[in-house]
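Here is the structure we will look at, set down as structure tokens.
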Amino acid sequence: MYGAVIYAPGDVRVDERDKPTIVESTDAIIRMSATCVCGSDLWDYRGINPVAQPIPMGHEYVGIVEEVGSEVTTIAPGQFVIGSFFASDNTCEICQAGYHSSCIHRQFVGAGGAQAEYLRVPLADGTLVATPEVPSDDLIPSLLAASDVLGTGWFGAVAADAGPGKTVAVVGDGAVGLLAILAARQLGAECIIPMSRHESRQRLAREFGATDIVTERGDAGVARIKELTGGLGADSVIEAVGTQESMMQAIGSTRPGGHVGYVGVAHDVALPGEELFYSHVHLHGGPAPVRRFLPELIDLIWQRKINPGKVFDLELPLAEAAEGYKAMDERRAIKTLLRP
């Protein structure tokens, strides 16, 4: 089979790789219908994460089950399935508490490289959720979004305690930030204020439910949020970038007693203890427990109540994965969908 492999910063190639096989009796093999490039993949592409050897890429996936291990009971060949980037058993105490991405048996599905024609998914019964039937092609982008960026944005909104009557600010206008807007709207937020400087992303933000747009960043962005909220700050702030500046912008934009949901993968973020102490801000986040939300998200997509697939503004064949990375790195695309 063919799959995307990163060799060095800026160097992504589609190579011939071994087709995955059943390793554990709890595995499933999926024939990919679609996969994509994630904003977090750009940490490697830009050299922020070290790339010491060739690494298979990709952790977002939807497709048809081709084969299952002998202990798999709830997933069968022929089903269309969606799963999270972390495999989980869905039965341990941590999973039952809703934190599947910290399952005591968790495995990183992306280690197998989902930007490929086939993927091995461990712990298939606990990780994969099947759709009612094989979906029409137009639903596949939205179902793919549920595998990560929609579930991550949703967790960001839940962690930030977004809800009816709340004012929600969103730091970051990538796919996760945009889908956090959609999630906040679905959760009943009254006022949703993303921070964005890009016109195409602003348009999609408004389509997903944004009520105001803030173009300023840093201290100026914080001041603008406070100006829009009577000097107090937002009730809920979703941090969807993962840098020092974005985290401090999120904390500064939150009113005392408010909540920050942080889902940007943190890189060199250090929190000043005294400033945090006097802010009276709740902080909650981390790797999104996407599996927790998948049944609800799949149902909303299946009923065509939400269309998160609109974050994919570039679609390419898998063979052109390198261009998909380049387009996202240069901000010519929000998110690239790849068809094997």
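A few remarks follow.
- The stretch 143-160 residues near the modelled Ser102 label - backbone nitrogen below 20 Å, point 7 Å along Cα→Cβ: 151-160
- Gain upon complete extension [Ser70, Glu245; 0.36 nm per residue less C-alpha separation]: 58.1 nm
- Gain on full extension, evaluated as 0.36 nm per residue between Asp268 and Thr21 minus their Cα-Cα distance, stands at 85.2 nm.
- Point-charge dipole on Cβ atoms (K/R +1, D/E -1) for the chain, about Cα centre, debye to 20: 660
- Three-way shape call for the stretch 33-174 based on the alpha-carbon gyration tensor, with the a/c threshold at 1.5: rounded
- Taking all Cα pairs closer than 8 Å and separated by 6 or more residues, the relative contact order of the chain comes to 19 percent.
- Cross-link check: pairs Lys19/Lys310; Lys305/Lys335; Lys19/Lys335 evaluated at a Cα-Cα cut-off of 28 Å; pairs beyond the cut-off: Lys19/Lys310.
- Percent RCO, i.e. relative contact order, over the stretch 147-215, from Cα pairs under 8 Å lying at least 6 residues apart: 32
- 0 to 90° range, to nearest 10: angle between helix 175-186 axis and the chain longest Cα axis: 70
- Translational diffusion of the chain, µm² s⁻¹ [Kirkwood Rh, Cα pairs; Stokes-Einstein; 25 °C; 0.890 mPa s]: 122
- Taking every alpha-carbon pair in the stretch 124-214 and binning the separations at 10 Å intervals from zero gives 18, 44, 27, 11, 0 percent.
- In Hz, Karplus ³J(HN,Hα) per residue of the stretch 106-119 (6.51, -1.76, 1.60; θ = phi - 60°; x = Gly, Pro): 4, 9, 7, 4, x, 4, x, x, 7, 7, 7, 7, 9, 9
- Percent of Cα pairs in the stretch 256-312 per distance bin of 5 Å, from zero to the largest separation: 4, 13, 15, 17, 16, 11, 10, 9, 4, 0.
- Taking the C-alpha atoms of the stretch 162-250, convex hull volume expressed per residue in Å³: 73
- Positive end of the dipole of the stretch 1-46 (Cβ unit charges, origin at the Cα centre): among Gly39, Tyr7, Ser25, the Cα lying farthest that way belongs to Gly39.
- Gyration tensor verdict on the stretch 236-340 (Cα atoms; rounded if a/c is under 1.5, prolate if a/b is larger than b/c, oblate otherwise): oblate
- Across the stretch 1-147, C-alpha contacts under 8 Å between residues 6 or more apart give a mean separation that, scaled by the residue count, equals a relative contact order of 30 percent.
- Exposed trypsin sites (Lys or Arg not before Pro) absent - longest run of the chain, DSSP non-H/G/I/E/B, at most 16 other C-beta within 10 Å: 47-196
- Beta bridges assigned by DSSP with both partners in the chain are antiparallel in approximately 55 percent of cases.
- Site pair Ala111 and Asn49 shows an inter-label distance of 1.4 nm when each label is modelled 7 Å from Cα along Cα→Cβ.
- Where GluC sites (Glu not before Pro) in DSSP loops with at most 12 other Cβ within 10 Å are excluded, longest remaining stretch of the chain: 134-329
- Carbon/sulfur fraction of accessible area - the stretch 177-231, other protein chains in place, 1.4 Å, %: 41
- Sulfur and carbon atoms: percent of accessible area, the stretch 112-168 [1.4 Å]: 49
- Comparing mean-square fluctuations of Tyr118, Tyr45, Tyr262 from a GNM of the chain with C-alpha springs under 10 Å, the top value falls on Tyr45.
- With protein chains left intact and a 1.4 Å probe, residues in the chain average 41 Å² of accessible area per residue.
- Dividing the helix sum by the residues of the chain, where each DSSP H run of 4 or more adds -39500 (n - 2.57), gives a mean residue ellipticity at 222 nm of -8500 deg cm²/dmol.
The values are calculated or read from the model by the stated rules, or taken from the named source; none is laboratory data. From a predicted model like this one, the values you see are computed outputs, not experimental measurements. So basically every Cβ, Gly included, is an ideal-geometry build from the backbone, and we count neighbours across all protein chains shown. Calculation scope for accessible area: heavy atoms of the full protein, side chains included, ligands and nucleic acids excluded. Shrake-Rupley method; radii C 1.70, N 1.55, O 1.52, S 1.80 Å.
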